[in-house]
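**Q** Sharing a structure with you now.
The values are calculated or read from the model by the stated rules, or taken from the named source; none is laboratory data. Not measured: the values here are computed from a predicted model. Glycine also receives a Cβ, built like all others from the backbone with ideal geometry; neighbour counts cover every protein chain displayed. The accessibility values were calculated without ligands, DNA or RNA, using every heavy atom of the protein model including side chains. Shrake-Rupley method; radii C 1.70, N 1.55, O 1.52, S 1.80 Å.
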Amino acid sequence: MVYAATAGTSHLPITAPPGVLALQRALVWLAGASVAIVFFEPSPYEFVTLIASVLFFATGLRMRLVFMPLLFALIVLNVGYSIGAIPFLDKPEVMNWILTSWYMAITVMLFAMVISEDTEARLDMLRRGLIVGAMIASISGVAGYFHLVPGGYDLLTLYDRARGTFKDPNVLGAFLILPALFTLQSVVSDRFGKAFRNAIAFGIISLAILLSFSRAAWGGLIITAAFMLALMVFTSRSQAQRSRIIIMALIAVVLAVALVAVLLSLSSVADMFKQRASFDQSYDEGRFGRFGRHILGAQMALQVPFGIGPLQFHTYFPEDTHNSFLNAFMSGGWISGVCYPALVFVSVITGFRYIFVRVPWQRAYLAIFSAFLGIVGESFIIDTDHWRHFWMMLGTMWGMYAAAESYRATSVSISAGTSAAS
């Protein structure tokens, strides 16, 4: 709470009393930390965001005109899901799926409105909370995998893969990418003491990603880290800063390769690594494999305007869609099938516009945007529809879009005033 009260601002006017401001920032931190614990539903994140919604609205939260397209898209998306679910509302799992989808939409709007004000400080609190949550999830997964906790292997692993505080190893791996990027940013750009602490955190988080044996998370971390570091080089203000980022990134790569080599010397890790690194998994191949289902499902989507309903794909095929864009068509028909990719890709295209905008929170923006792109890519091969951190990032990005425009407008006004005065 002390840090929350004294953290930097977004350089925009803030009218909330110091105590209210500290409480708001603390809630953002708690939301970031709680998103890492989803053993059960409703998860702690649901309770935290619900409390945050009430308190933020009670203490002042503005709905901006710029968010109306986002709100409209989220409503249309979930209306489509709800229409598709009508024949199955007597099934508790379908009703729960629909309610979760609507609630995820609420969290998107919450984060958009929250991050659009007091942006720099709230983003920093969100970053800190996500790193704490990631450390809890990572240490739990690593401890469970190596039998460091009595009974922990059964609780903290699944199919001989670390899952930590998540239900699924794939979700653990995907969630950890953004906190990993945050810590990597510190490693390549901060002073030695802070960089060293974050290097340790980055190593633990990367180890957990490796032990999740999620191929998508492995590739996602490598690709998003490379993309983010490239953006950091391009947006750096000095040659010295660019040189340090490149040198530290190369050192990080060497250390990462050494860590993987050490782990592969353990037979259990090596065997699972070889199995998961293979591209000829049985569930990916054949007419009803992952990619075969995508083709067959796309053909079916053209014939069912209102979809087949949420959680019904497995009644037609051996497994679920494992493709969020296809699942939008299957669950909510053409309404959701068109709206979901439109929402995602409009957000991505808009995001590219703000990469080079000079704002105080530019570094955090680059990490979040890179991680979001990674999840969008992963959405083509796995169901990300109810990943809490995905919707959190979506709302956060829209909040940063609005804040960037406000910051630029304020900067222009100040510059104009200064010019007029001189």
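**Q** When Rg is the radius of gyration of the Cα atoms in the chain and Rh is its Kirkwood radius, what does Rg/Rh come to?
**A** 0.97
**Q** Within segment 58-77, list the residues whose amide N lies under 16 Å from a label point set 7 Å along Cα→Cβ of ALA409.
**A** Only 62-69 pass the distance filter.
**Q** Could you tell me which trypsin sites (Lys or Arg not before Pro) in segment 185-227 are loop residues by DSSP with no more than 14 other beta carbons within 10 angstrom of their beta carbon?
**A** Those that pass, being in a loop and sparsely packed, are ARG191.
**Q** Let me see the P(r) profile for segment 119-169: every Cα-Cα distance counted, bins of 10 Å, each bin given as a percent of all pairs.
**A** 30, 38, 19, 12, 1
**Q** May I pose another question? Each label point is 7 Å from the Cα along the Cα-to-Cβ direction; what then is the distance between the points at LEU264 and VAL54, in nm?
**A** 5.3
**Q** Right, another one. Of ALA364, VAL142, VAL233, which is farthest along the charge dipole of the chain in the positive direction, counting Lys and Arg as +1 and Asp and Glu as -1 at C-beta?
**A** In the chain, that residue is VAL233.
**Q** Moving to a separate point now. What distance in nm separates the two pseudo spin-label positions at VAL304 and TRP102, each 7 Å out from Cα along the beta-carbon direction?
**A** Those two pseudo-labels are separated by 2.2 nm.
**Q** Would you please classify the overall shape of segment 30-89 from the alpha carbon gyration tensor, given that a ≥ b ≥ c denote the square roots of the eigenvalues, rounded means a/c under 1.5, and beyond that prolate means a/b larger than b/c while oblate covers the rest?
**A** oblate
**Q** Using the Kyte-Doolittle scale, find the helices of the chain whose mean hydropathy is at least 1.6 and whose Cα atoms extend 18 Å or more along the helix's long axis, counting only whole DSSP H runs.
**A** Details: long enough: 18-34 (24 Å, 1.10); 44-59 (22 Å, 1.49); 68-85 (25 Å, 1.83); 92-115 (34 Å, 1.41); 119-145 (38 Å, 0.69); 169-189 (30 Å, 1.54); 192-211 (28 Å, 1.58); 215-235 (30 Å, 1.69); 239-264 (38 Å, 2.07); 324-353 (32 Å, 1.18); 362-378 (24 Å, 1.02); 388-421 (49 Å, 0.24).
Qualifying helices: 68-85, 215-235, 239-264.
**Q** Now for a separate question. So how do TRP334, TRP102 rank on accessible area, 1.4 Å probe, biggest first, that is with the largest at the start?
**A** Sorted by accessible area, descending: TRP334, TRP102.
**Q** Considering the options GLY337, SER324, PHE352, tell which one lies farthest towards the positive end of the dipole of segment 316-412, charges being +1 on Lys and Arg and -1 on Asp and Glu at the Cβ, about the Cα centre.
**A** PHE352
**Q** Let me ask something else. To the nearest 10 Å², what's ARG62's accessible area with a 1.4 Å probe?
**A** In the full protein context, ARG62 sits at about 130 Å².
**Q** Using a ≥ b ≥ c from the Cα gyration tensor of segment 304-359 (square roots of the eigenvalues), is it rounded, prolate or oblate, where a/c under 1.5 gives rounded and otherwise the larger of a/b and b/c decides, a/b for prolate?
**A** Because a/c hits 1.5 or more and a/b exceeds b/c, segment 304-359 counts as prolate.
**Q** As an exercise, use a Förster radius of 35 Å and the Cβ-Cβ distance of ILE222 and THR315 to find the FRET efficiency, rounded to the nearest 0.05.
**A** Details: r = 37 Å, r/R0 = 1.04.
The computed FRET efficiency comes out at 0.45.
**Q** Moving on. For segment 82-213, state the semi-axes of the equivalent ellipsoid (square roots of 5 times the eigenvalues of the alpha-carbon gyration tensor), sorted largest first and rounded to whole angstrom.
**A** Over the Cα atoms of segment 82-213, the semi-axes work out to 31, 25, 10 Å.
**Q** Please list PHE192, PHE166, PHE47 in order of solvent-accessible area, largest first, computed with a 1.4 Å probe with all protein chains present.
**A** PHE192, PHE47, PHE166
**Q** So what is Rg over Rh here for segment 79-128, counting just Cα atoms and using Kirkwood for Rh?
**A** 1.24
**Q** On to the next question. Starting from the residue with the highest accessible area, list VAL348, VAL54 in decreasing order, probe 1.4 Å.
**A** Correct descending sequence by accessible area is VAL54, VAL348.
**Q** Here is a follow-up. Quick one: P(r) of segment 318-416 from all Cα-Cα pairs, 5 Å bins, percents rounded to integers, in order of increasing distance.
**A** Per 5 Å bin, starting at 0, the Cα pair percentages come out as 3, 12, 21, 20, 15, 11, 8, 5, 3, 2, 1, 0, 0.
**Q** Normalising by the residue count of the chain, find the relative contact order in percent from Cα pairs under 8 Å and 6+ residues apart.
**A** 22
**Q** Using a Gaussian network for the chain with springs between C-alpha atoms less than 10 Å apart, which of these wobbles most: THR100, THR321, THR410?
**A** Comparing THR100, THR321, THR410 in a Gaussian network model of the chain, the most mobile one is THR410.
**Q** Sticking with this structure for a sec: For the chain, what is the calculated [θ] at 222 nm in deg cm²/dmol (nearest 500), taking -39500 (n - 2.57) for each run of four or more DSSP H residues and dividing by its residue count?
**A** It comes out at -24500 deg cm²/dmol, rounded to the nearest 500.
**Q** Under 5 Å between amide hydrogens, which residues at least 5 positions from THR157 or on another chain qualify, with H placed 1.01 Å from N in the peptide plane?
**A** ARG163
**Q** For the chain, give the magnitude of the charge dipole about the Cα centre (Cβ charges: +1 Lys/Arg, -1 Asp/Glu; no others), in debye to the nearest 20. Intermediate results must be reported in sequence, preceding the final value.
**A** On the way: 27 positive and 22 negative charges, 270 e Å.
Here the chain has a charge dipole of around 1300 debye.
**Q** Follow-up. With +1 on each Lys and Arg Cβ and -1 on each Asp and Glu Cβ, and nothing else charged, work out how big the dipole of segment 132-217 is about its Cα centre, in Debye to the nearest 20.
**A** About 200 debye.
**Q** So for the pair VAL348, LEU148, with labels modelled 7 Å out along Cα→Cβ, what separation do we get in nm?
**A** Once both label points are built, they end up 3.6 nm from each other.
**Q** Over the chain, with the other protein chains present, what is the accessible area per residue in square angstrom, probe 1.4 angstrom?
**A** That works out to 44 Å² per residue.
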